[in-house]
1. Checking A28 against (1) part of a helix (DSSP H, G or I); (2) aliphatic (A, V, I, L, M); (3) touching a residue at least 40 places away in the same chain (Cβ under 8 Å), which test does it fail?
2. When you go through T31, T71, T65 one by one, which is the residue that is of a type in the set (S, T, N, Q) and at pLDDT 90 or above?
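The values are calculated or read from the model by the stated rules, or taken from the named source; none is laboratory data. Because the structure is predicted, anything quoted here is derived from the model rather than measured. Here the Cβ positions follow ideal geometry from the backbone for every residue, glycine too, while neighbour counts run over all protein chains shown.
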Amino acid sequence: MIEDAGTRTAMVLKYLRKLGALSQEMGAPHTWGGPGAEVTLIGWGSTYSALGEVVDVVGRDGLKTNLIHMTKVWPHSRPRFLPNGSGRREDS
């Protein structure tokens, strides 16, 4: 482990540059269901099919629902899938 402050600072800055480039290369999340939903589910990993089925089932019951599924959880640029980038929908 490097304890020298100058070297450590240089390493962190290099890491942050790489992280910024990586977040720009990530694709947009997959979506299921249409816009204007009352409920939006957010999932990742192996939850895609199960949550997609939930969207379909509750949609048949009358609750407008959609799904945002991220293939990569982090680093992710919030504005890609949240309209205002604040962590909540603007119409909430």
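1. (1)
2. Residue meeting the stated conditions: T65.
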